[in-house]
Amino acid sequence: MLQDIVLVFRWLMLASGILLGASISLSDLRAKQGQTLLLGFGPAKLRFAMVASLAALMFTLIAEMAIRSWLQYQAFAAGGPGQYLLPPHQPISYFLNYATFHFVLWRALGLALGVLVLAGLLVKWPKSAALQQRLSIGEIYLLAFGIAAAGWPNLLVFIVAAAALYATILFALTLWAFLRKQGAMPRFPVALPLTLALIPALLFGAPILDALNLDFLRISLFSF
């Protein structure tokens, strides 16, 4: 039951990220065609996608943590050794600390890192022409969204997958341009690899970390 609930949340996060990535890609396409973007946010549809993805992310994060904590409480209360971790044997603060460590902390770390990345890049973006050439405002939001949605340590899968996809696509396009003896390539949007990287990070993050023997990075066994 728990796995089914978590999977539903993952798919909702993934759908929100794909919606955001598609909206950013369409917005960049409009910009290349000469249409003005308001501070890089694009048309109303892009702003709606950003708000909708943020709302979906916060809803799924809060719901997942709350449901996991509640189901664990019910499991302890059903009997066995777990009942001695609840009142009246232990203060309720004991269970709250348990739930925070197992179900909240890894999510809170991912959200905090996503906010830090978002804030840092948004502060630097208007002052850096090099950063503006590499990332649009929408792509910065998408990067922060992926980090927050993946959580710790699955966000490492997201970042590495996005970087690998971007490098692969860029290499292929550069080789194609060289063979066709074309000039310098325009900036390739980062939105596509960031969007594709959500798939392994959100759906297969834990198995990938296990396969790479990086499961020790987990804060708890429930960091999946």
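Label positions at ALA177 and LYS127, each projected 7 Å from the Cα along the C-beta direction, are separated by 2.9 nm. For LYS124, which aspartates and glutamates qualify as cross-link partners when the Cα separation must be under 17 Å and same-chain residues fewer than eight apart are set aside? Result set, ordered by chain and number: GLU139. Ranked for footprinting exposure by Cβ neighbours inside 10 Å, fewest first, ASP28, ASP210, ASP4, ASP215 give ASP4, ASP210, ASP215, ASP28.
Which of the helices in the chain meet the span-like rule: DSSP H, Cα axial reach of 18 Å or more, Kyte-Doolittle mean at least -0.5?
Answer set is 2-32, 44-77, 105-124, 137-150, 154-179, 191-211.
No value in this document is a laboratory result; all are computed from the given coordinates. Since this is a predicted model, take the numbers as computed values, not measurements. Methodologically, a virtual Cβ is constructed for each residue, glycine included, from the backbone with ideal geometry; neighbour enumeration extends over all protein chains shown.
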